[in-house]
Amino acid sequence: MKHPGRWLWLLLLLPIAVGLARLRFNVEVFDLLPGNLPVVAGLKLYQQHFASARELIITVQAAEPERAETTARMIAEDLRKATNIVATVTWLPPWLEHPDQAAELLAYLWMNQPPDKFNQLADRLAPDKLNATLDDARAELATSLSPEEIARLSYDPFGLTRLPESAGGSVLGFGTGQEMFGSSDGTFRIIFVKASTELRTYRDCEQWLNAIKQIVDVALPVADRNASGVTLGYTGRPAFVAEIAGSMQHDITASVGGTALIIAALFWLAHRRWKPMLWLLTLLALILASTLGLGGLIFGTINVVSMGFAAILLGLAVDYAVVHYQEALAHPDMTIPQIRGAIAPSIFWAAVTTISAFLVLNFGGLPGLGQLGTLVGLGVALSHAS
């Protein structure tokens, strides 16, 4: 009688292929937290509707303020040329970089001031008081020690950009805002870069971030940075997701590869036979890939935390294979079906208890741990069927 596990594998072949085709990995940090908590739901809504998921922040650190400003301007100008991947680049307050575009917003803010404040502006700009207003501005320019006030009055002697305080607090003036893009001493600057397309997956984030880094490296080669003492940094969702994805790939490769090497080394030390060892590693790889396929079929998107199931599954699945092999060595006169029938009850109940223990993780609050428990349970079931 043929082993029923062969028919099971044939039946699962199509679902596993479909699952692998729709498999996606999720590295969003908020999806690692319990979804039933109001604070988590609120943070997700804020990130979705208010925070820009396409925005990258580039930091520029230099010893001299002039070097930091020049570097930030150079990077921003080169990134703006890449219109195929970059939507906007902002490194200065918009009213300083493009003051002509701020006129409409400025008029809107003044029109929404209280009537008494607006009447004060109209009175100050009355034809018979224009000369007096200009004289006051000239006197303030001559006596002021504030670089900010001098710069403001030089371009705006009528004080249109000096918005009054409202009942709700102080309105941001158009002469300020540099603190949003750099430090007070000017040696540290920030550039906001927005992608032209949606960055839905970690691969999209990784590819887009690499393209941005290539443009920056052309604009400012690494050798020039080191010579001038300029340090660049990348943060924001695209950089975070790309870094997490890279770490995930490294961790999975290291854990799975390390576990497989340990299994191979221990099997070789115990039995000194190549062919069974290679068959064992092949079967473990098949079980791991099949579990991923079934996980993709069930979940569609697998959380990054649940990828830790791979090393756990290898350690559990190899036990069943070693028990089967050891029984075959101990009873060379028995056929394979006879050996399977002899050890089936003990392996079955061991698999049931292991699967049950890991499925309990689904009752916890963390989605990643629930998926991990389900994946380990599926893998152990496949191991028993094999």
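The values are calculated or read from the model by the stated rules, or taken from the named source; none is laboratory data. Not measured: the values here are computed from a predicted model. For neighbour counting, all protein chains shown are included, and Cβ atoms are generated from backbone atoms with ideal geometry for every residue, glycine included. Each accessible area value is taken on the protein alone, full model and side chains, heavy atoms only, with ligands, DNA and RNA left out. Shrake-Rupley method; radii C 1.70, N 1.55, O 1.52, S 1.80 Å.
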Most mobile listed residue (Phe181, Phe240, Phe348) in the chain, GNM with C-alpha springs under 10 Å
Phe348
How tilted is helix 202-219 with respect to the longest principal axis of the chain? Cα atoms for both, answer in degrees (0 to 90, nearest 10).
50
Go from 0 up to the bin containing the longest alpha carbon distance in segment 267-310, width 10 Å each, and give me the % of pairs per bin.
25, 37, 23, 15, 1
Using only DSSP helix segments of four residues or longer, with each worth -39500 (n - 2.57), what per-residue ellipticity at 222 nm results for the chain after dividing by its residue count and rounding to 500?
-21000 deg cm²/dmol
Computed over the chain: relative contact order in percent, which uses C-alpha pairs under 8 Å that are six or more apart:
29
Largest first, please: the extent of the C-alpha atoms of the chain along each principal axis, to the nearest Å.
116, 50, 32
Return the single residue from Ser154, Ser247, Ser196 with maximal mean-square fluctuation; model: Gaussian network over the chain, springs between Cα atoms under 10 Å.
Ser154
Could you pull out the longest piece of the chain with no exposed loop GluC sites (Glu not before Pro) in it, calling a site exposed if DSSP puts it outside H, G, I, E, B and it has at most 12 other Cβ atoms within 10 Å?
199-386
Could you tell me how many degrees, from 0 to 90 and to the nearest 10, lie between the Cα long axis of helix 237-271 and the main elongation axis, the longest principal axis, of the Cα atoms of the chain?
20
Tilt relative to the chain, helix 65-81 - C-alpha long axis, 0 to 90 degrees, to 10:
70
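Using a 1.4 angstrom probe on heavy atoms only, work out the carbon and sulfur share of the accessible area of the chain in %. Can you show the working numbers first?
Details: 14120 of 22110 Å².
Accessible surface attributable to carbon and sulfur in the chain totals 64 percent.
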Just Thr187, Thr59, Thr282 to compare: in a GNM of the chain, with alpha carbon springs under 10 Å, which one fluctuates most?
Thr282
Evaluate E = 1/(1 + (r/R0)^6) for Arg272 and Ala357, where r is the Cβ-Cβ distance and R0 equals 30 Å; express this FRET efficiency to the nearest 0.05.
0.30
With every protein chain kept in place and ligands, DNA and RNA left out, what is the accessible area per residue of segment 173-255? Probe 1.4 Å, answer in Å².
51
With a cut-off of 8 Å between alpha carbons and a minimum separation of six or more residues, what is the relative contact order of segment 194-269 in percent?
41
